[in-house]
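Nothing in this text is a laboratory measurement; each read-out follows from the coordinates by a stated rule. All values derive from a computational prediction rather than experimental measurement. Positions of Cβ are generated from backbone atoms using ideal geometry, with glycine treated the same way; all protein chains shown enter the neighbour counts.
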Amino acid sequence: MSWDAYWYENNFGLVEYVAEMKKVNCAMFNVIGNHDNDPYVQGDLASEVKYREIIGPTYYSFNLGEVHYVVLDNIEYVNTGGAQGQIGERNYNDVITADQIEWLKKDLAALKDKSAPVIIAMHAPLYRTPTLDADGRQVNTLSLNNAGQFLSAIQGFPEVHIITGHIHTNYTVAHSEAVTEYNIGAVCATWWWTGRSGYANNHIGKDGSPGGYGVMEIDGRNVRFYYKSIGKPGNYQFRSYDLNKVHITAEKYAPNAAGEALAEYAGVYASPNLNNEVLINVWGYGPGWSIEVREGDTPLQVKQVSGLDPLHIISYEAKRLNAGAVPTASFVSGNTVHLFKVMASSPVSTLEIKVTDRSGAVYSESMVRPKEFTYTID
């Protein structure tokens, strides 16, 4: 919601946030995050005083239609060194406090219809960014410090959707058939850097997802989730790259920087790849999705891979290096597993790409190759 360092430096805090949000013509249900605590105050409860006074409770629940919603505060703000006139370290723990866990148990126990969907929103993710094992299978690792207590509290409910954010990237994890987490990319993408004057004039996050937000469409008890990119239609759900055309060099993308400096960030893209491979970034990908690619009448083998999105590298790291700056570690391209590769038989064949989400919606592209690698590639 807000940016704690700006509360006092730029005189823009929660009061100003509320004024801006009133311009949006819809109901707002806020979720507190680590940047919504008072950076002049140490301790979790004390640093939340302004939030509770201006916004409201840090955890609560409500019903809309046939769905039960729960909002939790899973940021235990420590802020070592914070004092009046002094911004602290702004450190915190990713944890749901014991009193909230007990409240959550009572809240869910009070539901009359325990078969109804439950949607839980909290700031920090339940699971870490997924990885792939040696056999290409997705590996999911819990992140929340007391994840076991939280999962125990929601055990037995047949349909639980968990919405999280915090790390500005997209991924979906199925904890079980009943429990799914959607970690959602950010409206600000890479903190708006790639769209700044003199940069790439695009809006892209460090996993290659466009800046955007999650949408949950509720029809009775049917819940459909998708990621909506800012300035794009709802069916914009992936981007394809002709890797024959992706070769990231300082000469082309950062002429003011040393070649080895950019190569460090470019990774495999620092060398030419003429293997007729195509990379597909499907930012909403998760359990129940499928990806099919055909070259003429021939289906191609689709392989899920872990890697970096090349467009983000040239849009952020290359531009920062070209400006004589060191890319901020938190903003640089990060490994994601919502990438898929196919190998075509020809460098000039047209590929038919079909992506189907878990609700059955189909997204497609007739990929004409060669496909140029540009800052505005779709």
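Rounded if a/c is under 1.5, else prolate if a/b is larger than b/c, else oblate: which is segment 132-235, with a ≥ b ≥ c the root eigenvalues of its Cα gyration tensor? It is prolate, given that a/c is not under 1.5 and a/b is the larger ratio. Summing Lys and Arg as +1 and Asp and Glu as -1 over all other residues whose Cβ lies under 12 Å from the Cβ of ILE54 gives a net charge of -3.
Computed from backbone phi, the HN-Hα couplings of segment 355-366 come to 10, 10, 8, 5, 8, x, 5, 10, 10, 9, 8, 9 Hz, rounded to whole numbers (Karplus: 6.51 cos²θ - 1.76 cosθ + 1.60, θ = phi - 60°; Gly and Pro given as x).
Each listed q (0.10 Å⁻¹) maps to a log10 I(q)/I(0) for segment 6-184, found by the Debye formula over equal Cα scatterers with no solvent: -0.44.
Exceedance of the 22 Å cut-off in Cα-Cα distance is limited, within the set LYS23/LYS228; LYS22/LYS206; LYS341/LYS371; LYS252/LYS341; LYS303/LYS371; LYS252/LYS319, to LYS22/LYS206; LYS252/LYS341. Based on C-alpha pairs under 8 angstrom that are at least 6 apart in sequence, the chain has a relative contact order of 12 percent.
The sum of -39500 (n - 2.57) across all DSSP H runs of n ≥ 4, divided by the residue count of the chain, sets its helix-only mean residue ellipticity at 222 nm to -3500 deg cm²/dmol. Applying the criteria of a DSSP loop state and at most 14 other Cβ atoms within 10 Å to the GluC sites (Glu not before Pro) of segment 143-181 yields GLU177. For segment 239-367, the C-alpha radius of gyration sits at 1.16 times the compact-globule guess of 2.2 N^0.38 Å, with N the residue count.
Three semi-axes describe the equivalent ellipsoid of segment 205-246; taken as square roots of 5 times the Cα gyration tensor eigenvalues and ordered largest first, they are 27, 11, 9 Å. Working note: Karplus 6.51/-1.76/1.60 with θ = phi - 60° gives segment 21-26 the couplings 5, 5, 6, 8, 8, 7 Hz, where Gly and Pro are set to x. Averaging 1/r over each pair of different alpha-carbon atoms in the chain and inverting the result gives 22.4 Å, the Kirkwood hydrodynamic radius. Hey, can you grab everything whose amide H is under 5 Å from the amide H of SER143? Only 5+ residues off in sequence or another chain; H modelled, so Pro and N-termini drop out. Close amide H contacts, sequence-distant or interchain: TYR127, ARG128.
Going from the fewest other Cβ atoms within 10 Å to the most, the residues PHE150, PHE12 appear in the order PHE12, PHE150.
Compute the Rg/Rh shape ratio of segment 28-100: radius of gyration over Kirkwood radius, all on alpha-carbon atoms. Ratio value, two decimals: 1.04.
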